[in-house]
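Report on one structure; see the data block that follows.
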Amino acid sequence: MSNEINKNILTLAIETSCDETSVAVMKNGREVLSNIVASQIEQHQKYGGVVPEVASRKHLENINQVIERALSEANLSFESISHVAVTYGPGLVGALLVGLSAAKAISFARQIPLTGVNHIEGHIYANFIEHKELEPPFICLIVSGGHTHLVYMKNYGEYEVLGKTRDDAAGEVFDKIGRALGLNYPGGPEIDKLSKKGNKEAIRFPKAYLESGSYDFSFSGLKSSVLNYLNREKMKGRKIRIEDVAASFQQSVIEILVEKTITCAIEKKVKLIVLAGGVAANSGLRELMGEECSKHGLELIYPSRKLCTDNAAMIGCVGYYNYIVNKNSNLFLNAKSNLKFENM
């Protein structure tokens, strides 16, 4: 091993919050030496969604092999690792415990620091990996299967949460509507593909703006409206063009996401908008947000699709920035399935 490697901070990162077992090795926070993701989509497709007990068992089967693959691909051993970063919430508690137990074992055995990471924070930091020039402040829209947050990132580790969903997350609604349309799980990417063949103005589904000045989101009413439309059309014996339903539904979601994000950036006098989370891979969201940013003189960035979904590299990036300011955890760190992302 070269002396150059020895001078760098090497992070072993573990992410098991839902249905991906992922382990990454990061150099100085932003350089990915390996990022292995073992997906469980095939196991959960037959159920139309993630089954927590199945997810936990698959993590147990996968975790040691994925750690070995990550170290092997990075051409490193445990002896080279500076510290361990791990997701401790939010997520499925059984799934979180698998990754957390592995991270604690490595930390204890190697006598290296342990750094607990908030999964939502991780999604923001995925952008730092691919955009080396990126620095705060900026407005970040985090949209995933479990979370929808509008965040003002002032500096590393400093956030003002301006809005979040009051009910269903955007990605969760995509999956539920996808299931109602008979699409494969996960429904988000399927709806995105299908919507390209449909007319986004065919059906006017509602958008919840909530009270004046609020940056919060609500998607439960939209979900109910789409489900009611499908049931009504079936009862009347009418043919449903699912491409139009997908396109119209998606348009309602992305319009409210874009409008609130743009308004927020203007109010905060911030010139940069960042997207994060699984729904940040949605082509309609990227396109509309890009158009609106251009109109208002704002810059837009987002990660590649592989870093939008759950992965350990983003956890390692957060872990690095926590580590360099001694924001580490002890071996009593526990999984928190409902861990909040609050102002910091």
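With n ≥ 4 as the cut-off for DSSP H runs, can you work out [θ] at 222 nm for the chain, using -39500 (n - 2.57) per run divided by the number of residues, rounded to the nearest 500?
-14000 deg cm²/dmol
Sorted from fewest to most neighbouring beta carbons within 10 Å, what does the list Lys196, Lys239 look like?
Ranking Lys196, Lys239 by Cβ neighbours within 10 Å, fewest first, gives Lys239, Lys196.
If you fit an axis through the alpha-carbon atoms of helix 119-130 and take the longest principal axis of the Cα set of the chain, what angle between them do you get, 0 to 90°, nearest 10?
80
Taking 0.36 nm per intervening residue step and subtracting the Cα-Cα distance, what contour gain separates Glu61 from Asn231 on full extension?
Contour length minus the Cα-Cα distance gives 57.1 nm.
Over 26 Å between Cα atoms, which of Lys132/Lys164; Lys176/Lys196; Lys234/Lys260 qualify?
Lys132/Lys164; Lys234/Lys260
Can you give me the angle between helix 170-180 and the longest principal axis of the chain, using Cα atoms only, in degrees from 0 to 90, rounded to the nearest 10?
That works out to roughly 60 degrees.
So how tilted is helix 220-235 from the main axis of the chain? Cα-based, degrees 0 to 90, rounded to 10.
Orientation of helix 220-235: about 50 degrees from the principal axis.
Based on C-alpha coordinates, I'd like the Rg and Dmax of segment 135-303, in Å.
Values for segment 135-303 (Cα only, Rg and Dmax): 16.1, 56 Å.
Would you please state which residues of segment 40-59 a label at Asn184 would reach in this model, taking the label point 7 Å out along Cα→Cβ and a backbone N cut-off of under 16 Å?
Correct set: 40-50.
Sorting Cys317, Cys18, Cys264 on the 10 Å Cβ count, fewest up front, what's the list?
Cys264, Cys18, Cys317
Just to confirm my numbers, what's the Cα centroid distance between segment 242-259 and segment 221-239 in Å?
Each part reduced to its Cα centre gives a spacing of 16 Å.
Anyone know which of Arg232, Arg204, Arg166 comes out most mobile in the 10 Å Cα GNM of the chain?
Arg232
Please quote Rg/Rh for segment 45-202 to two decimal places, taking the Kirkwood radius as Rh and restricting both calculations to Cα atoms. Don't jump to the answer; show the numbers that get you there.
Working: Rg = 18.8 Å, Rh = 18.5 Å.
Taking Rh as the inverse mean 1/r over Cα pairs, Rg/Rh reads 1.02.
Multiplying the sequence separation of Asn8 and Glu259 by 0.36 nm and subtracting their Cα-Cα distance, what value in nm do you get?
86.2 nm
Taking the chain as the region of interest, what is the percent of Cα-Cα pairs per 20 angstrom bin, listed from the shortest bin to the one with the maximum distance?
31, 55, 13, 0
Under 5 Å between amide H atoms, partner at least 5 residues away or on a different chain: which partners does Ser329 have, H built in plane at 1.01 Å?
Leu114, Thr115, Gly116
Taking 8 Å as the Cα distance limit and 6 or more residues as the minimum spacing, I'd like the relative contact order of segment 135-303 as a percentage.
Relative CO of segment 135-303 lands at 26 percent.
How much length, in nm to one decimal, is gained on full extension between Met344 and Arg69, taken as 0.36 nm per residue of separation minus their Cα-Cα distance?
95.5 nm
Using a cut-off of 17 Å between alpha-carbon atoms, which lysines can reach Lys58, once sequence neighbours fewer than 8 places away in the same chain are excluded?
Reachable lysines: Lys46.
Could you give the distance between the Cα centres of segment 74-115 and segment 324-340, to the whole Å?
If we compute the Cα centre of each part, the gap is 11 Å.
Which FRET efficiency value, to the nearest 0.05, do you get for Asp167 and Glu130 by plugging their Cβ-Cβ distance into 1/(1 + (r/R0)^6) with R0 = 45 Å?
0.90
Could you compute the FRET efficiency for Lys193 and Ala109, with r as their C-beta to C-beta distance and R0 at 56 Å, rounded to 0.05?
FRET efficiency, Lys193 to Ala109: 0.80.
Taking amide H positions as placed 1.01 Å from N in the peptide plane, with prolines and chain starts having none, which residues 5 or more places from Lys154, or on another chain, fall under 5 Å of its amide H?
Residues meeting the amide H criterion: Tyr159, Glu160.
Each reported figure results from applying straightforward, stated rules to the coordinates on display, with no laboratory input. Since we're looking at a predicted model, the values are computed, not measured. Reconstructed Cβ throughout: ideal geometry from the backbone, glycine too, with neighbour counts over all protein chains shown.
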